[in-house]
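Peer 1: Dropping a structure here in structure tokens format, bear with me for questions.
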Amino acid sequence: MPLQQKKIKRLKGRDRITAIFDKGEYLHTPPLGVRFQKDTTATGVYVGVSVSKKRFPKAVDRNTIKRKLRACLAATQKLETLPAGAYMFLFLGTTHHDLENVQAALNQLIKKLG
């Protein structure tokens, strides 16, 4: 029987997100940070993205950054190597960054997590 690959799913639910921020661990590589909670009983990897409303008051800017971050996450093949659990990627910068900078920071974070 072949090994099952972990599914990458969207992180949803107030309880799960609150648990990540209350009990989870934290790593950062500017301009990104990640809050995560590893779960040995889960069969998948749950991923969410967030941008601070305080740093980017305009919804257009927040949505643009979220789109960039999701595109970088989709392009990264290393997400399957993450341990099962829930991960919330946070954009911590105060200005817009190029896609290459975000991708480089994301790769560094995933190396730290793996």
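No lab work stands behind these numbers, since they all come straight from the coordinates. Computed from a predicted structure; not experimentally measured. Counting neighbours? That spans all protein chains shown, and the Cβs are built from the backbone with ideal geometry, glycine included.
Peer 1: For a quick check, take a GNM of the chain with Cα springs below 10 Å and name the residue from GLN77, GLN103, GLN37 with the largest mean-square fluctuation.
Peer 2: Highest fluctuation of the listed residues: GLN77.
Peer 1: So what's the net charge close to ILE17: Lys and Arg +1, Asp and Glu -1, counting the other residues with Cβ under 12 Å from its Cβ?
Peer 2: +4
Peer 1: Report the extension gain between GLU25 and THR94 in nm, rounded to one decimal, defined as 0.36 nm multiplied by the number of residues separating them, less their alpha carbon distance.
Peer 2: 22.6 nm
Peer 1: Pick from PHE91, PHE56, PHE36: which is most flexible by mean-square fluctuation in a GNM of the chain where alpha carbon atoms under 10 Å apart are linked?
Peer 2: PHE56
Peer 1: Can you give me the distance in nm between label points at ARG55 and LYS9, each placed 7 Å from the Cα along the Cα-to-Cβ direction?
Peer 2: Going from the ARG55 label point to the LYS9 one covers 2.9 nm.
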